[in-house]
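Have a look at the structure below, then the notes.
The values are calculated or read from the model by the stated rules, or taken from the named source; none is laboratory data. Just so you know, these numbers come straight off a predicted model, no measurement behind them. So basically every Cβ, Gly included, is an ideal-geometry build from the backbone, and we count neighbours across all protein chains shown.
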Amino acid sequence: MSNWSFADVWSSIAAAVPDREAVVCGDRRLTWAEFDDRASRLASHFWDQGLRPGHKVAIDLLNRPEYLETFFAALLLGCVPVNVNYRYGADEAGYVIDDSDAKIVVHEPDLADVVRKGIARIAKKWRPTTLERGTAYEAAIAAASPDGPWRERRPVGDDLIFLYTGGTTGMPKGVMWRSDDLYVALWQMARPGTEPVDPVAAVTAGKRAATALPACPLMHGTGLFIALSTLAGGGTVVLVDSMRLEPERIWTEVETNAAGVLTIVGDVFARPLLDALDAEPLRWDLSALRAITSSGVTWSPDVKRGLLDHLPTITLLDSLGASEGMITRSATKAGDAEIASARFAVNERFRVLREADSSEVTPGSGEVGLVAVGGRIPLGYYQDPEKTAKTFRLVDGTRYSIPGDYATVEGDGTIRLLGRGSATVNTGGEKVYPEEIELLLKKNGAVYDCVIVGVPDPRFGERVVALVQVTDGYYTDEEELRAVCRSRGLAGYKIPKRFVFVDSLNRAANGKADYTLLKEMAADLLEIQTGGATGSSS
């Protein structure tokens, strides 16, 4: 077993290339020496506040340098960084803070009231302290030493990192990653079958990871993982400190900082970014960009094709994974014979298993199974042995993470993802997987975004309903979209019984849909409608 620690690696890189930029956010440009110094001083402040190895540090911040500084400082102490969704209200934030046993919460000034009310709801005898970004945060760093008693303990691979799930299908769960496992898993995601190399030797030789801009939040795995990987390779992370996606600002930062990698979350991010390029195709010099990576949400072929029309030299990378484990990725380039949805191949640590007996699904059979990933995976869920046993299971002597994603295996060994089981619609005894229908509908230019949900039905148990956000300047209605489904050969029971048109699907900052909330929204909207086809135009 290796012993990789992000904190140890970052400290070593800072010593080797102190003047190289580590984190950029607008006009703020932190060198590796400054990044290391500020994190070390923050670690001393945490130590003086009574934090010790194993204690939890909750981070309720936007994509700012302070997020990565706090993450770094926690790991230097052997403490556990905990992500808190900055869009959470008091009850939700309080739940994560309480469930994780956080000892301190580092938060945005604008979230002070949410954090205060959330903490007040905690029933424990002790409650965490807080540190507000801004004046209090800077004063704490200025008053602290970059050294302290905590230096006697070197960060190790067994140190933990918590990644709370989105909670879109239930209460958030704290996924427990060993630093070593996450480090190796991220390395192998890009370089299958290899082991990490000495990062200090690499940066000393002048090598570095490509400058990366995570357009998605650091509070979720997709954004955090690219930041961790980039820093582990001695590269530079560019941050955009906004609560919402600002396409023009993203492209400007890519140009200004010569970013080589842009990380997004499927169509939810890609479509607005493409719209900006369509509107002003010559505005930005994006020649430094080499790849756009995506994970977590469908990235449709038409949107990929549009991006490649503007950026023909880049590679589009679809990553398959979840908070509970990284699996594999696939690449798309402008010269490919077919630009399609991501296709992932079954391999030695990536399988599709039958739900009934955990045996392997037969390729080409059309059987539906659950995606399972082995290798470097998390320890489980924090303080939840029941859910841990359900998700992390031994199959034929190998431990797998099976987070609940359904898929089929084609005859050529590639898989077709069908969506998360918790979002599956059961109608008349048939299972309907939302992602299949969502991807089909998005091929229609009038559909900007859509989500498939099941609404209670007295006859069929649930009926399939599509919530649709119409593209600006387009018009569509139920009849047209139902005809699209029929023309694509969709089975009758899968065709939505109703199409509900909405201004927004209120996706989370990580691009994911809250299926529970949207089911309620669909039911409410259908109840107040007076019948007849409904449409939308802009």
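Observations on the model:
- Number of the condition not met by ALA356 [criteria: (1) out of contact with any Ser or Thr (no Cβ under 8 Å at 6 or more places or on another chain); (2) in a loop (DSSP other than H, G, I, E, B); (3) closer than 28 Å to VAL184 by Cβ; (4) among the aliphatic types (A, V, I, L, M)]: (3)
- Conditions (1) at pLDDT 90 or above; (2) within 21 Å of GLY411 (Cβ to Cβ); number of the one not met by VAL346: (1)
For every residue, the table says whether it meets (1) buried (at least 19 other Cβ atoms within 10 Å of the Cβ); (2) in contact with a His (Cβ under 9 Å, 6 or more places away or on another chain).
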| residue | (1), (2) |
| --- | --- |
| VAL238 | yes, no |
| SER242 | no, no |
| LEU273 | yes, no |
| PRO281 | no, yes |
| LEU289 | yes, no |
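- As for segment 101-109, it holds no residue that is surrounded by fewer than 13 Cβ atoms within 10 Å (Cβ to Cβ) and without any contact (Cβ under 8 Å) to a residue 24 or more places away in the chain.
- When residues in segment 272-331 are screened for being in contact (Cβ under 8 Å) with a residue 24 or more places away in the chain, of a type in the set (Ser, Thr, Tyr) and assigned to a strand (DSSP E or B), 6 of them pass.
- For ASP472, the conditions (1) at pLDDT 90 or above; (2) part of a loop (DSSP other than H, G, I, E, B); (3) closer than 21 Å to GLY419 by Cα all hold with the exception of (3).
- Selection count, segment 490-504, where residues are over 13 Å from ASP449 (Cα atoms) and either within 32 Å of the chain's Cα centre (by Cα) or of a type in the set (Val, Ile, Thr) (or both): 8
- Filter result (crowded, with 20+ Cβ neighbours inside 10 Å and of a type in the set (S, T, N, Q)) within segment 126-165: THR165
- Residue check for GLY306: at pLDDT 85 or above, closer than 30 Å to ALA389 by Cβ and within 25 Å of the chain's Cα centre (by Cα): no
- Subset of segment 7-30 that is free of Cβ contacts under 8 Å to residues at least 24 places away in the same chain and in contact with a strand residue (DSSP E or B) (Cβ under 6 Å, 6 or more places away or on another chain) - its residue that is farthest from LEU62 (Cα to Cα): ASP19
- Pairs where the first residue, in segment 488-513, is closer than 18 Å to ARG459 by Cβ and the second is at pLDDT below 85 and surrounded by fewer than 18 Cβ atoms within 10 Å (Cβ to Cβ), C-beta under 6 Å, 6+ apart: TYR493/GLU430
- Within segment 342-378, tally of residues that are among the polar types (S, T, N, Q) and either buried (at least 16 other Cβ atoms within 10 Å of the Cβ) or in contact with a Lys or Arg (Cβ under 7 Å, 6 or more places away or on another chain) (or both): 1
- Residue within segment 82-96 that is under 24 Å from CYS216 (Cα atoms) and among the polar types (S, T, N, Q) present: yes
- Qualifying residues in segment 99-132 (those that are in a loop (DSSP other than H, G, I, E, B) and among the small types (Gly, Ala, Ser)) - the one modelled with the highest pLDDT: SER100
- Positions within segment 138-179 being outside any loop (DSSP other than H, G, I, E, B) and β-branched (Val, Ile, Thr), in sequence order: ILE141, ILE161, VAL175
- Filtered by the rule that a residue be in contact with a Gly (Cβ under 8 Å, 6 or more places away or on another chain) and part of a strand (DSSP E or B), segment 332-350 gives ALA345, PHE350.
- Scanning segment 449-476 for residues that are under 23 Å from ASP275 (Cβ atoms), of a type outside the set (A, V, I, L, M) and over 24 Å from the mean Cα position of the chain (by Cα) returns THR471, ASP472, GLY473, TYR474, TYR475, THR476.
- All of (1) modelled with pLDDT under 90; (2) within 23 Å of the chain's Cα centre (by Cα) hold for THR427 with one exception: (2).
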